[in-house]
Structure formats: C-alpha cells, structure tokens
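Written out below as structure tokens is the structure these notes cover.
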Amino acid sequence: MSEYVITVNSTVDLPKEWLSERNVPVIPLKYTIEGNTYEDMNGLSSKEFFGKLREGKMAVTSQVNPDEAKTALEPYLREGKDILHLGFSSALSGTCNSMRIAAKELEEEYPDRKIIVIDTLCACLGEGLLLYYALKHRSEGSSIEETAKWVEENKLHICHNVTIDDLEHLYRGGRISRTVAVLGGMVKIKPMLHVDDQGALKVIGKERGRRKALGKIVETASKQAQGWENDIVMITHGDCREDADYVAGLVRQKLGVDNILINNIGTVIGSHTGPGVVAVFCMGEKR
C-alpha cells in the first residue's frame, strides 16, 4: 500500500499547531482588508482581524487558483506519495474545482501516483471534523481508497449548527439576500444557520436573544447526534470565547461528550460571518 498524505484548505479552521503535529499540509485561501492581502491562517491575528471588522472594515476573500493548487500538491508526488485532498465546499468557493483541475494536470505528469479530491460539502470545523476522522482511519491502516470511501459516505453526516450576531457580513459577501439580512437585523433576533446537503450556508430559523440562540444550536446538535458515537465535538467562535465556553458546557451536559475542541473561526470564513459567530460541529444522522 502506497504512503499517502491528506491535504486540506485553510478553511478547515483548526489550530495551526494541531495541524502541524499531525503533518497535515494546508493550502490557504486569501483575504484582502484595507488594501492588504493576507494568507488565511498566516495573516492578522483573530483579535486584529475581528477588531477591524467591528470598526466597519470589509474583508474580501479569494479562492485558491489551479496554479497555486498544483504548486502546493506537486512536492508530495515527487516524494512518491499519493494525495487525498479534502476540499472546501464547492457551494461556498471555487477552490475545490481549482484543486480538481490541478489534480487532473498532475495525474498526467505523475501517472503512477493517485490523487483523490473530495468535495466535502463542509465548511470550517465541519471540514476539521471530517479531517479528524480521516486521519484516524489512516492511522488504523486504511488505504487511500478506503479512507476516501469513508469520507464520501459520511460527509453529509457532519452537522453544522451556527448562530451569528449580524447577517450584514453574509449579505455583503453575497451569501444571503438583502431581505433576509434586514429581517435578521431586527432587535434581539439571532439567526440560526446550517450547511445543507448541497454544502451551502442557509438561514433556517431565528431565536430571540443570544443565550437562547446558543442553547438552540446545542439542542439541535444533541438531537442530530442521537445514536451516533461522537469521539469529539468541535466549536468555533468569532472572537467571543466566553460564549464558546458556555456552549461547551451545554455540549457536555446534553451530548455527554467531554472531548471538545474550541478554536477561533478563520479569517476567510470569518470575513463572511463577522464577529460573534458561534457554531457546533458533530456527527449525526441528518444535517
């Protein structure tokens, strides 16, 4: 069985140290703010970035292009390794398509190597959770084909439950309509969102008040997770750690999971959600 590497995009939003410890190569998207362009994960700190958004600055994101993807992947092929790439949802970015274009070109140049690109239909720590399990399968001896098969069969069981403070960033990023943004901006109304089976971010409801919204995303995750073994639950936040810790406490109570990873949402996805976002990611029967 050939050795293979599992690569991801920076939208996986896991801590850099976590990824480095597991030797996971990251192919970054980029964002531009105040005329400066940065790589996701390697630019502004979360505090700096969300501070600028709170001041009214706008960040514009850009996908990975095929040349960047090819440059990032080729070194592993030269080393004689195969590649399994877990891509950012195609409904949210053209990055996955760029990865596929690069893979096709590289397969012609390296006919003895395998490159499998999977459209995860996931975002943020949803991608991270899928990576967690893919790495687990590899460590248990699964081949690249076996791991890829598991990912394809289980990616729609990765549940994303999200609440945000303000829909304006999603509207400005073209993710929702102006009508939805205005309705969501009503006083004390907190939008509830999820990533659907097509990999798109959808507004699915609303709650009155922040604490009710935070409780709702955990309640929804708890229902989805019934009957499923969750080794870990992941929580992301947009520079609001206290809220993430509160949600983690609810997760321990309602899901009975103590292994919880909490991390700031990345700068690329955070460009669209804005500060104050909190999301819970788990495995469940249905999104």
From the phi angles alone, apply the Karplus equation (6.51, -1.76, 1.60; θ = phi - 60°) to region 75-85 and give each ³J(HN,Hα) in whole Hz, x where the residue is Gly or Pro. x, 6, 5, 4, 7, x, 9, 8, 10, 10, 9
Expected output is a single nm value to one decimal: the length gained when fully extending between GLU107 and GLU34, i.e. 0.36 nm times separation in residues minus the C-alpha distance. What is it? 22.4 nm
Need the list of aspartates and glutamates near LYS202 for cross-linking: C-alpha distance under 16 angstrom, and skip anything on the same chain fewer than eight residues off. ASP165, ASP166, GLU168
Output ³J(HN,Hα) for region 56-63: one whole-Hz value per residue in order, computed from phi by the Karplus curve 6.51 cos²θ - 1.76 cosθ + 1.60 with θ = phi - 60°, and x for Gly and Pro. x, 5, 10, 9, 10, 9, 9, 7
Which of (i) 52, 44, 35; (ii) 59, 48, 31; (iii) 61, 43, 36 is the computed Cα extents along the principal axes in Å? It is (ii)
Nearest 5 percent is fine: what portion of the DSSP beta bridges confined to region 4-155 is antiparallel? 40 percent
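In the structure shown, do any of LYS30/LYS190; LYS81/LYS136; LYS52/LYS212; LYS155/LYS223; LYS212/LYS286 have a Cα-Cα gap over 20 Å, and if so which? Before the final figure, lay out the partial values.
Details: LYS30/LYS190 28 Å; LYS81/LYS136 18 Å; LYS52/LYS212 27 Å; LYS155/LYS223 18 Å; LYS212/LYS286 22 Å.
Table pairs above 20 Å Cα-Cα are LYS30/LYS190; LYS52/LYS212; LYS212/LYS286.
At a threshold of 8 angstrom on Cα-Cα distance, excluding pairs fewer than six apart, so keeping six or more, what relative contact order does the chain reach in percent?
Values: 574 pairs, mean separation 60.6, N = 287.
Relative CO of the chain lands at 21 percent.
Please give the length that would be gained between GLU219 and ASN259 if that part of the chain were fully extended, namely 0.36 nm times their separation in residues minus their C-alpha to C-alpha distance (nm, one decimal). Working shown, then result.
Numbers: separation 40, 0.36 × 40 = 14.40 nm, distance 1.78 nm.
Extra length from GLU219 to ASN259 when fully extended: 12.6 nm.
Read the figures in this text as sums done on the coordinates, not as results from a lab. For clarity, every value in this text was computed on a predicted model and none was experimentally measured.
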